[in-house]
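The values are calculated or read from the model by the stated rules, or taken from the named source; none is laboratory data. All values derive from a computational prediction rather than experimental measurement. All Cβ positions, glycine included, derive from the backbone under ideal geometry; neighbour counts span all protein chains shown.
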Amino acid sequence: MNTIRSWLRRMAQPVAALAVAFAALPAFAQAQTVNAYSIWPENWARPMFEEFEKATGIKVNFVRFSSGEALARVIAEKNNPRVDVLFGGPVETFAAGIAEGVFESYKPPSFGKLPERFRHADGQWVAIADDPLVFMTNNKFLKENNLQPPASWNDLLNPAYKNMLQMADARTSGTAVTRIFSILEVNGRDENKAFAYMKQLRPNVQLYTKSGGGGTLPVGLGQAGGGIFFIVDALDTKAKGYDVAVSFPKEGIGTAAEAIALLKGAKNPEAGKKLIDWASSPAMQNQFAKYKINFVPAHPEVQLEPSLAAVLQGAKIFPIDAAYAGANRKRVVDRWIAEVLNP
Amino acid sequence: MSVPPPAAVAAAGVSERLRADPGLALAVAALWLLLGLFVLYPLVMLLGRVFIDNGQFTLQGLAAVLTDRHQLQAFWNSLLLGGLVGLVGTVLGFAFAFTATRCNLPRWIVGLIDIAVLLPLVSPPFTTAIGYIFSFGPRGLITYGVLGIKGVTVYGMTSTLTAESLTYFPIAYLTLRPMLAAIDSNIEGMALSLGASRWRVFRTVTLPLLKPALANAFLLGFVESLADFGNPIVLAGNYEVLSTKIFFAVAGAQHDPGRAAALAMVLLALTLAAFWLQQRWLGRRSYVTVSGKGDGGIHANLPRPLWLGCFSFAALWIVFTLACYAIILTGGFVKDIGRGDLTPHLGHFASGFAVEWRDGAPAFVGSAWDSFFTTVEVAAVAAPLTAIVGLLSAYVITRHRFVGRRAFEFLTMVSFAIPGTVIGVSYIVAFNVAPLELTGGMAILVICFVFRNMPVGVRSGIAALAQIDRTLDEASSTLRASTVRTLSKVILPLLRPAIVATLVFSFTHAMTAVSAVIFLATAKYNLATVYIIGRVEAGEYPLAIAYSSVLIVFMLAVLLAVQKLVGESRLGRRAATELPTGL
């Protein structure tokens, strides 16, 4: 920076003004804070971080990104990380980060209590919540077409849904990847059968959205008839007063864990670890209900909020096998792009 | 900087001047350095990812992209979309520029046209696209509400073309309007008095003189469309273009930065080709219309039918635009427009922009203030810098010969052609570690905007300078004025319209851009657009709309202020005879 400035100073007048303007800009400096990229939307992340500040006195500076953007930025900055913690987002995003070597192993006190699928064996990430997929449909649309809320994957193939479904795009969204692996799972991991189903579903899909929750509002507004979303997004849409139905397929549907991780080379590692300790413990996960965040807590000691428990009652939900998904993810997504998205 | 003497005799004189004029030589050196640092260096870092694999030079990355059917399809889609946007944008921009300058309309109507045309330019990203879906989507106000059509398909090429044309034609308008205004009315008047028909004058005099401006308008529209990300991501659906492809490769679940870089190269090549074609088409002719001789400045009256046509077109447009924006902006003032709850409600503004009095001073407690102030600050610093760097580049390109002038000119265009996402990532890669550790601060946001928006300054500067007779600055330097003096006393006053255009464009672009800075914004330096997108994602449309309307009103106010401050170019017009008496 100094070399540029001394260069600039010697330059013609108008250009010198440029140097002065740059030099006058304040530098980045922080004390007793932790910096984070949040994949959770701001309206959930902000209250959590405010509670954390209340509990520990540590302020969290954060910017919100979709999972793909957050990962791209963390990787681009890996030689000099700008944040300490990557907060929220599906485990598979974290798996991709491990491949790029961006995380630092850390095992918080809750580590031993968490079920195996909620923690990385070496502590590269730990889960802070669980998030099942659901079908969400617009009630007015259902009524106009004399439909019941879909109760099977095959119900979505009904021609009444032609061009009226929105769901996430597997090129950007972890939600979509979880959905595709759910379809593989209910088809007994028979890839050809699963892809035959997805191709059959294609004419009913109006739009594959960039973010996982991108279709919730169109469904709420009736621009789309329905879609497949994470339960947090679906129940949030309902809580905002949109007339939507949430249902589950009888064949079962997948769920994805949401995680947190410390970045390698973090500038405030101690504060970052405290945030991880707090987020992976009941201290944070007990707050979900208070702020109407409909994640399923990952920590076994946290009670499921009664109304959320009522929604989930009787639903058949299975975890996505991390090893199987990790090994086949890229190939399956490529096949989805080639055969389903752009046939 | 040593400059080998060019062969041509005339050029030798210029090069001598370069040596004799240290101010000019320093300016050229400084511009080279800045371009090298903030355009070339990140680009080289980026291209390294395409051609170098494990320390070995390879063409595989590029070949993989060029042979893939889907990537090629995106290439043709981008080309077609960009060409159409350039064409439609130029035609629309010309129609409005013509109406505004040649119809002898009252000033307040011209002011209204200005505002209606500039609205899309000052709207935060996605406003057009989201407005389009709300109007023409499956449950749109027009398609479903008025026409009652069920299940329309809104996502695709046509929607994207419409939204992009609406978003970018103001740039064509900004480029064409000052050029149309500056055409010496004597030239057209002479042709008319020689008995040529109006159409013939238009075809053989006006249009040819506008060639540089038309070419620039088309080029800017074309390039803007190529790099545009906001509209296709919302509206294009399955119509894949390069910019969205690149975004998916960078930030997608596949995460393939190498492919993104290769695609960015393809995009760059497209821009280069367009740039080269433009140069070929313009050739080496003279487009000078502003010389030392004054003119009457009053253009001949248009025939009645043409005048009526222009006027009603403009009037309809104003009504249409204002109505559209009224519908969109109502959302900020009612409880929930999405669900049709139209009870008047100011709560959305309160949550974003509340101000309280605490200890006798205003406290900005609303959640939007932080990002609003940062954005204004960044845009306000970036806009004049963009104008300085851009117009100075335009000046040295058109008026001086120096080694590598073509390369220099091309370099000024490059950052425009690369999608913001790629720029954002390449800036992080280039400026994240010492000695150039800039990320995380505000400076990198400013720098990013300056070099990203600079092409508009360069293009409008070049177009404007092409109109100004060289003898004007030669006269100045014969009188022993230095380059700096010639610039400030002769060229700058004549460049006022180009300065306004650049300031307007760079300020609004800095306030509304998103794709490049989404990777450069931080918690401390968050930007309005990033905040708005957060609100949209959270489904808080009313707050997003309220914020957008604050931004639109603010930017319009600034634009009008800039226009007042910098003013129109003060061409020496001879007093017209029909001036009202008693001035």
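Based on this model, can you work out whether B:Gly420 counts as within 18 Å of B:Leu34 (Cα to Cα) and either modelled with pLDDT under 85 or not hydrophobic (A, V, I, L, M, F, W, C) (or both)? Before the answer, list the steps.
Details: within 18 Å of B:Leu34 (Cα to Cα): no; either modelled with pLDDT under 85 or not hydrophobic (A, V, I, L, M, F, W, C) (or both): yes.
Taking the combined requirement at face value, the residue does not satisfy it.
Considering only residues of segment B:221-248 that are hydroxyl-bearing (Ser, Thr, Tyr) and buried (at least 24 other Cβ atoms within 10 Å of the Cβ), which is nearest to the chain's Cα centre (by Cα)? Show your work before the answer.
Going through segment B:221-248, the residues hydroxyl-bearing (Ser, Thr, Tyr) turn out to be B:225, B:239, B:243-244.
Restricting the remaining residues to those that are buried (at least 24 other Cβ atoms within 10 Å of the Cβ) gives B:225, B:243-244.
Numbers: B:Ser225: 11, B:Ser243: 17, B:Thr244: 20 Å.
It comes out as B:Ser225.
If I ask for residues that are crowded, with 24+ Cβ neighbours inside 10 Å, assigned to a helix (DSSP H, G or I) and either more than 9 Å from chain B (Cβ to nearest Cβ) or charged (D, E, K, R) (or both), which ones from segment A:53-73 would you list?
A:Glu69, A:Arg73
How about segment A:243-257: which of its residues are acidic (Asp, Glu) and within 12 Å of A:Gly226 (Cβ to Cβ)? Explain how you work it out, then say what you get.
Residues of segment A:243-257 that are acidic (Asp, Glu), as a first pass: A:243, A:251.
Of everything in segment A:243-257, nothing turns out to be acidic (Asp, Glu) and within 12 Å of A:Gly226 (Cβ to Cβ).
Could you check A:Tyr242 against (1) out of contact with any strand residue (DSSP E or B) (no Cβ under 6 Å at 6 or more places or on another chain); (2) modelled with pLDDT of 95 or more and say which number it fails?
With respect to (1) out of contact with any strand residue (DSSP E or B) (no Cβ under 6 Å at 6 or more places or on another chain); (2) modelled with pLDDT of 95 or more, A:Tyr242 is out only on (2).
Would you say A:Asn79 is part of a loop (DSSP other than H, G, I, E, B) and either within 12 Å of chain B (Cβ to nearest Cβ) or farther than 23 Å from B:Ser371 by Cα (or both)? Outline the logic, then answer.
On the way: part of a loop (DSSP other than H, G, I, E, B): yes; either within 12 Å of chain B (Cβ to nearest Cβ) or farther than 23 Å from B:Ser371 by Cα (or both): yes.
Answer is yes for this residue.
Among the numbered criteria (1) in contact (Cβ under 8 Å) with a residue 40 or more places away in the chain; (2) assigned to a helix (DSSP H, G or I), which single criterion is violated by B:Ala407?
So B:Ala407 meets the others, but not (1).
Check segment A:94-107 and report whether any residue there is within 14 Å of chain B (Cβ to nearest Cβ), of a type in the set (Asp, Glu) and surrounded by 24 or more Cβ atoms within 10 Å (Cβ to Cβ).
First pass over segment A:94-107, keeping only residues within 14 Å of chain B (Cβ to nearest Cβ): A:94-102.
After this cut, where a residue has to be of a type in the set (Asp, Glu) as well, the list is A:100.
If we keep only those that are surrounded by 24 or more Cβ atoms within 10 Å (Cβ to Cβ) too, we end up with none.
No, segment A:94-107 contains no residue that is within 14 Å of chain B (Cβ to nearest Cβ), of a type in the set (Asp, Glu) and surrounded by 24 or more Cβ atoms within 10 Å (Cβ to Cβ).
State all residues of segment A:192-224 that are within 14 Å of chain B (Cβ to nearest Cβ) and among the hydrophobic types (A, V, I, L, M, F, W, C); if no residue qualifies, say none.
Our first condition is that a residue be within 14 Å of chain B (Cβ to nearest Cβ); within segment A:192-224, this holds for A:202-224.
Result: A:Val205, A:Leu207, A:Leu217, A:Val219, A:Leu221, A:Ala224.
Can you pull out the residues in segment A:227-247 that are within 14 Å of chain B (Cβ to nearest Cβ), under 20 Å from the mean Cα position of the chain (by Cα) and part of a strand (DSSP E or B)?
A:Gly227, A:Phe229, A:Phe230
With the structure loaded, tell me whether A:Glu258 is of a type in the set (D, E, K, R) and under 30 Å from A:Leu142 (Cα atoms) or whether it fails that test.
Values: of a type in the set (D, E, K, R): yes; under 30 Å from A:Leu142 (Cα atoms): no.
In short, no.
Select from segment B:185-233 the residues that are within 30 Å of B:Ser415 (Cα to Cα) and of a type in the set (Lys, Arg) and list them in ascending order.
Scanning segment B:185-233 gives a single hit, B:Lys211.
Answer yes if at least one residue in segment A:206-213 is more than 18 Å from the chain's Cα centre (by Cα), touching a residue at least 40 places away in the same chain (Cβ under 8 Å) and crowded, with 23+ Cβ neighbours inside 10 Å, and no otherwise. So that I can check it myself, show each step before the final result.
Initial filter on segment A:206-213 (more than 18 Å from the chain's Cα centre (by Cα)): A:206-207.
Restricting the remaining residues to those that are touching a residue at least 40 places away in the same chain (Cβ under 8 Å) gives A:206-207.
Now narrow it down to the ones that are crowded, with 23+ Cβ neighbours inside 10 Å: A:206-207.
There is at least one residue in segment A:206-213 that is more than 18 Å from the chain's Cα centre (by Cα), touching a residue at least 40 places away in the same chain (Cβ under 8 Å) and crowded, with 23+ Cβ neighbours inside 10 Å.
Which of the residues spanning segment A:248-281 are touching a residue at least 40 places away in the same chain (Cβ under 8 Å) and in a helix (DSSP H, G or I)? Walk me through how you get there before you give the answer.
Taking segment A:248-281 as the starting set, the residues that turn out to be touching a residue at least 40 places away in the same chain (Cβ under 8 Å) are A:248-269, A:271-281.
Correct list: A:Pro269, A:Ala271, A:Gly272, A:Lys273, A:Lys274, A:Leu275, A:Ile276, A:Asp277, A:Trp278, A:Ala279.
Return a yes/no flag: does segment B:357-368 have any residue that is at pLDDT 80 or above and either assigned by TED's automatic domain parsing to the domain that holds B:Ala546 or in contact with a Ser or Thr (Cβ under 7 Å, 6 or more places away or on another chain) (or both). Steps first, please.
Quick first cut of segment B:357-368, residues at pLDDT 80 or above only: B:368.
Pick out the ones that are also either assigned by TED's automatic domain parsing to the domain that holds B:Ala546 or in contact with a Ser or Thr (Cβ under 7 Å, 6 or more places away or on another chain) (or both) and you get B:368.
Within segment B:357-368 (the criterion being at pLDDT 80 or above and either assigned by TED's automatic domain parsing to the domain that holds B:Ala546 or in contact with a Ser or Thr (Cβ under 7 Å, 6 or more places away or on another chain) (or both)), the answer is yes, since at least one residue qualifies.
Conditions tested, residue by residue: (1) closer than 17 Å to A:Glu270 by Cα; (2) in contact with a Gly (Cβ under 8 Å, 6 or more places away or on another chain); (3) in contact (Cβ under 8 Å) with a residue 40 or more places away in the chain; (4) not β-branched (Val, Ile, Thr).
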{"site": "A:Pro41", "(1), (2), (3), (4)": "no, yes, yes, yes"}
{"site": "A:Pro47", "(1), (2), (3), (4)": "no, no, yes, yes"}
{"site": "A:Arg64", "(1), (2), (3), (4)": "no, yes, no, yes"}
{"site": "A:Gly68", "(1), (2), (3), (4)": "no, yes, yes, yes"}
{"site": "A:Val74", "(1), (2), (3), (4)": "no, yes, yes, no"}
{"site": "A:Gly88", "(1), (2), (3), (4)": "no, no, yes, yes"}
{"site": "A:Pro115", "(1), (2), (3), (4)": "no, no, yes, yes"}
{"site": "A:Gly123", "(1), (2), (3), (4)": "yes, no, no, yes"}
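Quick check: anything in segment B:185-193 outside any helix (DSSP H, G or I), more than 22 Å from B:Val234 (Cβ to Cβ), at pLDDT 75 or above and outside the structural domain of B:Thr502 (by TED's automatic domain parsing)?
There is no residue in segment B:185-193 that is outside any helix (DSSP H, G or I), more than 22 Å from B:Val234 (Cβ to Cβ), at pLDDT 75 or above and outside the structural domain of B:Thr502 (by TED's automatic domain parsing).
Hey, can you tell me all the residues within segment B:358-406 that are closer than 26 Å to B:Thr508 by Cβ, away from chain A (no Cβ under 14 Å) and more than 25 Å from the chain's Cα centre (by Cα)?
Within segment B:358-406, B:Phe364, B:Gly366, B:Trp369 qualify.
Restricting attention to helices (runs of 4 or more DSSP H) lying wholly within segment B:415-493, give those where 2 or more residues are within 14 Å of chain A (Cβ to nearest Cβ).
Numbers: elements: B:420-431, B:443-467, B:470-478, B:483-486.
Per the criteria, B:420-431, B:443-467, B:483-486.
For segment A:162-191, enumerate the residues that are more than 7 Å from chain B (Cβ to nearest Cβ), assigned to a helix (DSSP H, G or I) and among the small types (Gly, Ala, Ser).
Across segment A:162-191, the qualifying residues are A:Ala176, A:Ser182.
Might you check whether a residue that is at pLDDT 85 or above, surrounded by 12 or more Cβ atoms within 10 Å (Cβ to Cβ) and more than 14 Å from chain A (Cβ to nearest Cβ) occurs anywhere in segment B:30-43?
Yes: segment B:30-43 contains one or more residues that are at pLDDT 85 or above, surrounded by 12 or more Cβ atoms within 10 Å (Cβ to Cβ) and more than 14 Å from chain A (Cβ to nearest Cβ).
Which number in (1) at pLDDT 85 or above; (2) over 16 Å from B:Thr160 (Cβ atoms) marks the one condition that B:Asp53 misses?
All conditions are met except number (1).
Between a residue in segment B:93-122 that is in a helix (DSSP H, G or I) and any residue that is among the hydroxyl-bearing types (Ser, Thr, Tyr) and modelled with pLDDT under 80, which pairs come within a Cβ distance under 7 Å, given they are 6 or more apart or on different chains?
Listed by first residue and then by second, the contacts come to B:Ala116/B:Thr321; B:Leu119/B:Thr321; B:Leu119/B:Tyr325; B:Pro120/B:Thr128.
In segment A:52-69, which residues are at pLDDT 90 or above and charged (D, E, K, R)?
Result: A:Glu53, A:Lys54, A:Lys59.
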